[in-house]
Amino acid sequence: MTSGQPGTGNARPTPAGAAGESQPATTAAAGTPTQPARTSDKAPAETTADQSPPVGGDTTAATPNGDAGADRATSGAASKDTARHGDKQGNAAKKDDAAKDSKPAKDSGTAKDSGTAKDAKADGADATDKADSEAKPVGPERWEAFASAPEPRPSIFTRAGRAVGRFLIHEWTLAALGALALAVLMTWPTLRYPRYTLPQDYWDPSLQAWQMAWSGHILLAEPARLWQSNTFFPELWSFAFSDTLLGYAPAGMLGSGPEDAVLRYNIMFVLAHALATLGAYALARQLGAGRIGAAVAGVSYTYAPWLLAQAGHLHVLSNGGIPLALAMLARGHGWSLRHGYRPERRHDGWVYAGWLVAAWQLSLGFGIGLPFAYFLAGAVLVTAVLFFARRLRTGQAVPFGRRLFAADVLGGVLFAGVGLLMAFPFFKVTELHPYAERTIGDIGLFSPPASGFVTAPGESRIWGGLHEGARAALPWHPEMTLLPGFVLYALAAGGLFFSVWRLRHRLLLLAGVLLTMVFAMGTRFFDGTFTYVPLFEHLPGWSALRTPGRLMLWTTLLLGLLAAGAVTALTDRVRELTAQRIPSWPGPWLRMATLLPLLLVTVEGLNTTPHPVVPTQPAAMRSAEGPMLVLPSSQSLDQHVMLWSTSGFPDVVNGGSGFTPRQLDDVRRVSQSFPDQTSVEYLRTLGVRSVVLLRGQVAGTPWEITIDAPVESLGISRQEVGDAVVYRL
């Protein structure tokens, strides 16, 4: 007997053990009104998905009435409603059973046997699967074959190559390489014949080439004798007669002789330009400028037209440590002009580095380093006052930290210690030679008028020829042509109105520009009564600075920061415009247009600096015994002698510096009659053993007549060595 009901689609018997499984489906079918079958919607799809094809072929043979299709559709609809409203897990199982039970059979016996066999098979399969699962647990290793292969660990060479690649494309690597490449191009042809030519002239550069060579040589040979140089014999503390470039001593340890000294000078000349560009770029970036704006600040600071007149003064051009130290100190204290004080960005390592670079900058000379030292002292004082004022106003402790405080104290002590050690020999020179001190009258001779700020030197390729008449009206144009660049003026003026800096910061930068210009005028601004003269009279060491116009260095830096703010605002605006355009064209052209300020600043810094050939060292100086005197002797000619003395560094009476010792004046006066008894006795008294008289320099001098005179009666010997005559006393 079968227990199938019309409309249920259930054809298998209902055994007692299966009542719990079949009753919910039957109840759902009986208790729910039968819905008409949807022959074109879900019923065929569900029948196809849930049922197997009927065994025996035609579906119309499943029931005597031929309504098997309708019964299956009604059963599928009832099963769907049950699954939708009942428990999801139980109804899902019942739906599978209903799907299996709805298969038609030819007779009740076949259906019964089939159902029994299927149940038995299912029970056997479940038992087998359960036994397999208990005997052979499923682990993650079954799916390992389908997992993606792990990425192979790179070798040490691969990791090193990636690290080098990241280093090469880093912003600061590119900035350093760009600054170096630009320095080579902008100072060309300095490196064309670096062993034989010097930029600007061969007087002061010869002196400074000797300074680097002497410091490197003596620190390796006899460090205690550093300040007692081989020139100006027998003067004491002679190395402190002018700025020393002592910070370049490590370079002076490489090579020997005049040619190596010239090569060393030219290399450091180019590197000084590169460091100045990189330092100003770093400062502008730390303060918040964009890359192009910072590049404008760096190039304008290094290649300002007024600096072209200083091409023969390496101690003036070696100013890159100033902005670099300020950038490091600002970075270590977590401060920027654009974002203010951010305590989370503090790092004492950068503070130590900043003070170290500042001390190195001071060791290059007081002409540039002394104003820098007073600026740092003033900045520390102002910062401390503002720090405590903010704490009193807010009643909250502003984060600073002991480590940062210790770094500032130790760094400041290091900087001050270097300054005192450098200053001590200069104070000794002032004590021994009181006439070496500057007077306010000396300052007046080198104080530029206001017209100097718009006048370019003759070495400017763009403005040199056009400003020839203006230069002629200046009393001493090499130190009074102070044009920082008309493009820089325009960009800085634009930065007052359109900039990423806040308004109060722009006003402070403008005040700094005007104030430094006033100080650069020396006694020309209302006689300096309220500006330069108080500094000259009250600040220690300030009286040694004879050229106020070199304070234009600070004016140029501040103008560059104003220009960087304007260019950064421009580039930010262009980036916003190109991001909003669909398509982005002409976005690339707009971005290229932001390079125009940088290009104009660079072009305005082009130069026509001469590179004369350095006079060759006389062979007689390599064989003469020191201490020696080389004749003729003068301020300019003695600077060549200093360079020539780098072959072995024999003691020489000659020397050229910012002032002339009275003893050297006496030697030059007495030796006008050399060789005669008076001059020979005087030189013997000083300890001079040899006199080298250069034939090529005696034209128009008293030695033109006496150079071939016999000397046997004077008790000295005479020998021709190349183009010179050597007298041995």
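The values are calculated or read from the model by the stated rules, or taken from the named source; none is laboratory data. Note that the structure is predicted; figures quoted are calculated from it, not measured. Note: ideal-geometry Cβ built from the backbone for every residue, glycine included; neighbour counts use all protein chains shown. The protein model used for the area step is the full one, side chains on, heavy atoms only, and it has no ligands, DNA or RNA in it. Shrake-Rupley method; radii C 1.70, N 1.55, O 1.52, S 1.80 Å.
Every listed requirement among (1) open to solvent by 50 Å² or more (accessible area, probe 1.4 Å); (2) hydroxyl-bearing (Ser, Thr, Tyr); (3) within 24 Å of Gly247 (Cα to Cα) is met by Thr383 save one, (3).
Here the condition is being touching a Pro at 6+ places or on another chain (Cβ under 7 Å) and part of a helix (DSSP H, G or I); of Tyr265, Tyr248, it holds for Tyr265 alone.
Please determine whether any residue of the range 547-554 is farther than 30 Å from Ser657 by Cβ, part of a helix (DSSP H, G or I) and touching a helix residue (DSSP H, G or I) at 6+ places or on another chain (Cβ under 6 Å). No, the range 547-554 contains no residue that is farther than 30 Å from Ser657 by Cβ, part of a helix (DSSP H, G or I) and touching a helix residue (DSSP H, G or I) at 6+ places or on another chain (Cβ under 6 Å). Looking only at residues of the range 286-330 that are in contact with a Lys or Arg (Cβ under 7 Å, 6 or more places away or on another chain) and within 26 Å of Thr594 (Cβ to Cβ), we find that the one that is surrounded by the fewest Cβ atoms within 10 Å (Cβ to Cβ) is Gly288.
Considering each residue of the range 226-233 in turn, none proves to be farther than 18 Å from Val613 by Cα, part of a helix (DSSP H, G or I) and open to solvent by less than 30 Å² (accessible area, probe 1.4 Å). With respect to (1) farther than 25 Å from Pro371 by Cα; (2) of a type in the set (A, V, I, L, M, F, W, C); (3) open to solvent by 30 Å² or more (accessible area, probe 1.4 Å), the lone exception for Ala569 is condition (3). Residue check: Thr660 meets all listed conditions (1) open to solvent by less than 10 Å² (accessible area, probe 1.4 Å); (2) free of Cβ contacts under 8 Å to residues at least 40 places away in the same chain but one, namely (1). For the condition within 17 Å of Gly279 (Cβ to Cβ) and either at pLDDT below 85 or crowded, with 20+ Cβ neighbours inside 10 Å (or both), Thr556 qualifies. The set of residues in the range 242-266 that are under 14 Å from His315 (Cα atoms) and in contact with a helix residue (DSSP H, G or I) (Cβ under 8 Å, 6 or more places away or on another chain) comprises Ser242, Asp243, Thr244, Leu245, Leu246, Gly247, Tyr248, Ala249, Tyr265. Using the structure shown, decide if Gly401 is more than 30 Å from Gly541 (Cα to Cα), small (Gly, Ala, Ser), at pLDDT below 95 and within 35 Å of the chain's Cα centre (by Cα). Against the criterion (more than 30 Å from Gly541 (Cα to Cα), small (Gly, Ala, Ser), at pLDDT below 95 and within 35 Å of the chain's Cα centre (by Cα)), Gly401 qualifies. Residues that are part of a helix (DSSP H, G or I), of a type outside the set (Phe, Trp, Tyr) and out of contact with any strand residue (DSSP E or B) (no Cβ under 6 Å at 6 or more places or on another chain) are absent from the range 715-729. Based on this model, can you work out whether Ala327 counts as in contact (Cβ under 8 Å) with a residue 40 or more places away in the chain and among the small types (Gly, Ala, Ser)? Here the answer is yes, as Ala327 does meet what is asked. When Ala377 is tested against (1) more than 18 Å from Pro540 (Cβ to Cβ); (2) surrounded by fewer than 18 Cβ atoms within 10 Å (Cβ to Cβ); (3) free of Cβ contacts under 8 Å to residues at least 24 places away in the same chain, only condition (1) is not met.
Per-residue answers, yes or no, for (1) surrounded by 17 or more Cβ atoms within 10 Å (Cβ to Cβ); (2) out of contact with any Asp or Glu (no Cβ under 6 Å at 6 or more places or on another chain); (3) closer than 30 Å to Phe232 by Cβ:
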| residue | (1), (2), (3) |
| --- | --- |
| Leu420 | no, yes, yes |
| Pro425 | yes, yes, yes |
| Glu479 | yes, yes, yes |
| Phe525 | yes, yes, no |
| Thr529 | no, yes, no |
